[in-house]
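Peer 1: Quick one: the structure is below, and I'll ask about it shortly.
The values are calculated or read from the model by the stated rules, or taken from the named source; none is laboratory data. Please read these numbers as outputs of a predicted model, since none were measured by experiment. Neighbour counts are summed over all protein chains in view; Cβ atoms, including those assigned to glycine, are modelled from backbone coordinates with ideal geometry. The protein model used for the area step is the full one, side chains on, heavy atoms only, and it has no ligands, DNA or RNA in it. Shrake-Rupley method; radii C 1.70, N 1.55, O 1.52, S 1.80 Å.
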Amino acid sequence: FHNEGWLAHPTLRALHRVVRHAEEQGKSVEVVVTLDRTRDPVLRRLVAQWGERFGEFRVHEVDLGDPALCRNFVVEHARGRFVAPHDGDNLYGKDWLARAHDHLSERPRCIAHPELIWLFQGDSVYWVQKPLGEPADILAVNPWDTVCLAAREVFEQVPYRGATHAFAYEDWAWNCDTIAAGYEHVFVPGTLIAKRQKPGELSNLGAWRQSGKTLPPVPLVASILRTPAASPPPAEPPRSVVRQR
């Protein structure tokens, strides 16, 4: 969280529903909250009140000013086998965590994402997250949302890169770095997250185009750019040559 105010209430309510459902399925869930440069008394009161309803709920005051560094901080302080980063103003389908965990039970080298994203409050847009068609597609736009679930060693091996004024979304670079490290991004059928679009806020693609931000230098981009294009197949020899052969 940062300074979400009353928007934290539906988020914490949705998160409580997600955690309760996962616990009913026999999973143990710990919630680790960062309050990053928070000056919002409403947010603080909501976090304190909702925290009493969770079994494992720990709050850390941090002064990082960067969502990427907040996520790295949480990985260091979380105790579970899996980690799922979430933002302070999003909503989640109740079975997201439980189904994502089950989906990864036989996929240790994978990162699970929700299948469906709903952008609401500003525009009302749905889209289905899918695998990349070609590796080079990731050079054009960030293909997957931040919300995911993966084994904690994934986040330890591939930490998030801190944001700067010149480069785009920290999860875009993280998606590239995890692919380069050999991890596969998979999508859990039937799972949903809802992302709030604040008044006047541009979509990710619109903000990216307006700001002119691009990817930071990442190994995956270098490897894609070094890969030579496939040579076209040789043209068929003239029929006269074929007859001579």
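Peer 1: So which residues in segment 84-128 are farther than 29 Å from residue 43 by Cβ, of a type outside the set (D, E, K, R) and part of a loop (DSSP other than H, G, I, E, B)?
Peer 2: Within segment 84-128, 104, 105, 108 qualify.
Peer 1: What do you reckon, is residue 15 surrounded by 18 or more Cβ atoms within 10 Å (Cβ to Cβ) and within 25 Å of residue 197 (Cα to Cα)? Quick ask: steps written out before the conclusion?
Peer 2: Values: surrounded by 18 or more Cβ atoms within 10 Å (Cβ to Cβ): yes; within 25 Å of residue 197 (Cα to Cα): yes.
Here the answer is yes, as residue 15 does meet what is asked.
Peer 1: For segment 32-44, name all the residues that are more than 14 Å from residue 13 (Cα to Cα) and in a helix (DSSP H, G or I).
Peer 2: Scanning segment 32-44 gives 41, 42, 44.
Peer 1: Could you check segment 153-174 and list, in sequence order, the residues that are within 24 Å of residue 14 (Cβ to Cβ), at pLDDT below 95 and not in a loop (DSSP other than H, G, I, E, B)?
Peer 2: Those that are within 24 Å of residue 14 (Cβ to Cβ), at pLDDT below 95 and not in a loop (DSSP other than H, G, I, E, B): 170, 171, 174.
Residue by residue, here is whether (1) within 19 Å of residue 28 (Cα to Cα); (2) under 15 Å from the mean Cα position of the chain (by Cα); (3) buried (at least 18 other Cβ atoms within 10 Å of the Cβ) holds:
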site	(1), (2), (3)
108	yes, no, no
117	no, yes, yes
122	no, no, no
130	no, yes, no
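Peer 1: With the requirement that a residue be part of a helix (DSSP H, G or I) and either open to solvent by less than 30 Å² (accessible area, probe 1.4 Å) or touching a His at 6+ places or on another chain (Cβ under 7 Å) (or both), what does segment 48-59 give you? Walk me through how you get there before you give the answer.
Peer 2: Pass one, segment 48-59, residues part of a helix (DSSP H, G or I): 48-51.
Result: 50, 51.
Peer 1: Using beta carbons and a limit of 9 Å, which pairs, at least six apart or on different chains, have the first residue in segment 84-101 and closer than 11 Å to residue 196 by Cα and charged (D, E, K, R) and the second one assigned to a loop (DSSP other than H, G, I, E, B) and open to solvent by less than 10 Å² (accessible area, probe 1.4 Å)?
Peer 2: Note: pairs meeting the criteria are 87/147.
Conditions tested, residue by residue: (1) within 26 Å of residue 173 (Cβ to Cβ); (2) in a helix (DSSP H, G or I); (3) open to solvent by less than 20 Å² (accessible area, probe 1.4 Å); (4) among the small types (Gly, Ala, Ser).
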position: 46; (1), (2), (3), (4): no, yes, yes, no
position: 61; (1), (2), (3), (4): no, no, no, no
position: 65; (1), (2), (3), (4): yes, no, no, yes
position: 72; (1), (2), (3), (4): yes, yes, no, no
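Peer 1: All but one of (1) touching a helix residue (DSSP H, G or I) at 6+ places or on another chain (Cβ under 7 Å); (2) among the charged types (D, E, K, R); (3) crowded, with 20+ Cβ neighbours inside 10 Å hold for residue 152; state the number of the condition that does not hold.
Peer 2: (3)
Peer 1: Are any residues in segment 108-148 out of contact with any Pro (no Cβ under 9 Å at 6 or more places or on another chain) and of a type in the set (S, T, N, Q), and if so, which ones? Working first, answer last.
Peer 2: Within segment 108-148, the subset out of contact with any Pro (no Cβ under 9 Å at 6 or more places or on another chain) is 108-114, 116-120, 123-128, 133-136, 138-142, 144.
Scanning segment 108-148 gives 124, 142.
Peer 1: Moving to a separate point now. How do the pairs read when you match residues in segment 143-160 that are within 21 Å of residue 130 (Cα to Cα) with residues anywhere that are of a type in the set (Asp, Glu), using Cβ under 6 Å and keeping only pairs 6 or more apart or on different chains?
Peer 2: 146/171
Peer 1: Filter segment 27-42 down to residues that are open to solvent by less than 70 Å² (accessible area, probe 1.4 Å) and either touching a Pro at 6+ places or on another chain (Cβ under 6 Å) or over 15 Å from residue 86 (Cβ atoms) (or both), then give me how many there are.
Peer 2: Looking only at segment 27-42, we keep the residues that are open to solvent by less than 70 Å² (accessible area, probe 1.4 Å), and these are 27, 29-36, 38, 40, 42.
Add one more test, that the residue is either touching a Pro at 6+ places or on another chain (Cβ under 6 Å) or over 15 Å from residue 86 (Cβ atoms) (or both), and what stays is 27, 38, 40, 42.
The number of residues fulfilling the criteria is 4.
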